[in-house]
Amino acid sequence: MAILFCSSLDPAGRWREALARELPHLETRIYPDIGDPGTIDYALVWAPPPGLLAALPRLKLIASIGAGVDHILADPSVPRHVPIVRLVDPATTRLMSEYVLAQTLRLHRQDLLYEAQQRAGIWQWHEQPDPAERRVGILGLGRLGTDAATRLKANGFDIAGWSRTGKTLDGIACFSGGEGFDALLRRSDILICLLPLTAATENILDRRAFDHLPRGASVVNVARGRHLVDADLLEALDSGQLAYAILDVFREEPLPPDHPFWRHSRIVVTPHVAGAAEVRTAAPIIADAIRRAEAGLPLRDVVDPERGY
Ligand code: NDP
Ligand code: OXD
């Protein structure tokens, strides 16, 4: 029995060591050295090549090395009878909330404006609103969105969130559905995207969405690059409809060297680091999922492939 590890981003050697400690009875094979495909029971993947998972006849479990599973479901040949579990790691949640809080505070305290003023040698004071006057809208109220909303709320911001199904969260205005989307946009000075990438959410950060935001709003995208229509963002920034965009995720990663986002004075680029999976905390969680699959116990954090998350 073997685990197949396939990711061009994650440290294969460290994963192999961690899995050997957690599951000494299982051999870990690193793609492309997969050996006999008929002896692989478990696959631990980030963006596996199309067709790879379908070619493993004994596969019992697919585990995502990440909270999102769009990188797996993008392959239509992925066998539908094999359960997919996603990585739900409290360490990732903490990292993500830290990132969201840090960037929200940066926008709130007008740091990007003061940084631009410093570069231009301008000494100029701007009025500073209270956090309670800063309306933050969070797209996605799942594991990450709810935690980020709670952390922001604790820092005094006026928080609203949007989800597919209706929710009630203490002190957070909750919206859902198409009308709820527009209503959330209208009251968001800072819009944070923490949605999964699905057919329903692709290109959701487009001109229409930006036009519904208050003039001078800012956008933080920490979910997926394909949520954002790049050209619409550039247009909204250049017209003044948006003030800033802070982006951690991109349609193509690494962001190509000639991409206009790199040099735009009102775009901040970080290299998909907001809540990156860490072997030390993630390996025990993945090992637990494999142990559960081996023992025939109910799995946790199983993805619904029809829903896409
Ligand atoms: P969850 O599955 O826990 O939450 C997803 C949320 O989005 C839910 O509230 C869900 O609604 C909502 N949602 C899904 N589809 C729609 C829709 N069509 N309309 C409105 N709301 C919708 O995901 P996580 O919070 O764990 O992760 C979110 C995403 O963050 C991941 O999919 C990944 O893309 C990204 N991510 C990025 C990282 C980074 O480093 N930049 C790190 C980790 C994750 P409902 O509650 O009703 O189901
Ligand atoms: C994830 C990610 O989905 O790192 O976990 O983007």
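Do we find a residue being part of a loop (DSSP other than H, G, I, E, B), within 24 Å of the chain's Cα centre (by Cα), modelled with pLDDT of 95 or more and among the hydrophobic types (A, V, I, L, M, F, W, C) anywhere in segment 100-110? So far as segment 100-110 goes, no, none of its residues is part of a loop (DSSP other than H, G, I, E, B), within 24 Å of the chain's Cα centre (by Cα), modelled with pLDDT of 95 or more and among the hydrophobic types (A, V, I, L, M, F, W, C).
Determine if segment 146-163 includes at least one residue that is within 16 Å of ligand 2 (Cβ to nearest atom) and either closer than 21 Å to ASP211 by Cα or in contact (Cβ under 8 Å) with a residue 24 or more places away in the chain (or both). There is at least one residue in segment 146-163 that is within 16 Å of ligand 2 (Cβ to nearest atom) and either closer than 21 Å to ASP211 by Cα or in contact (Cβ under 8 Å) with a residue 24 or more places away in the chain (or both).
Number of residues in segment 156-173 that are within 13 Å of ligand 1 (Cβ to nearest atom) and either part of a loop (DSSP other than H, G, I, E, B) or more than 20 Å from VAL219 (Cβ to Cβ) (or both) equals 6.
What do you reckon, is PHE181 among the aromatic types (Phe, Trp, Tyr), near ligand 1 (Cβ under 10 Å from one of its atoms) and closer than 30 Å to VAL88 by Cβ? Considered against the rule, which asks whether it is among the aromatic types (Phe, Trp, Tyr), near ligand 1 (Cβ under 10 Å from one of its atoms) and closer than 30 Å to VAL88 by Cβ, PHE181 comes out as yes.
Among residues of segment 258-276 that are farther than 13 Å from LEU228 by Cβ, none has a beta-carbon under 8 Å from a residue that is at pLDDT below 95 and within 16 Å of ligand 2 (Cβ to nearest atom) at least six positions away or on a different chain. Take the conditions (1) away from ligand 2 (no atom under 16 Å from the Cβ); (2) within 23 Å of ALA154 (Cα to Cα); (3) free of Cβ contacts under 8 Å to residues at least 60 places away in the same chain; (4) not in a helix (DSSP H, G or I); LEU195 misses just one of them, which is (1).
GLY216 meets the conditions (1) surrounded by 18 or more Cβ atoms within 10 Å (Cβ to Cβ); (2) modelled with pLDDT of 95 or more in every case but one. The failed one is (1).
For (1) under 21 Å from GLU294 (Cα atoms); (2) of a type in the set (Ser, Thr, Tyr); (3) crowded, with 21+ Cβ neighbours inside 10 Å; (4) at pLDDT 95 or above, each residue gets a yes or a no:
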| residue | (1), (2), (3), (4) |
| --- | --- |
| ILE40 | yes, no, yes, yes |
| TRP46 | no, no, no, yes |
| PRO50 | no, no, no, yes |
| SER64 | yes, yes, yes, yes |
| ILE72 | no, no, yes, yes |
| ASP75 | no, no, no, yes |
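Restricted to strands (runs of 3 or more DSSP E) entirely inside segment 210-309, those with at least 3 residues that are away from ligand 1 (no atom under 13 Å from the Cβ) are 217-221, 242-247.
The values are calculated or read from the model by the stated rules, or taken from the named source; none is laboratory data. Given the structure is predicted, the values throughout are model-derived calculations rather than measurements. All Cβ positions, even for glycine, are placed from backbone atoms using ideal geometry, and neighbour counts span all protein chains on display.
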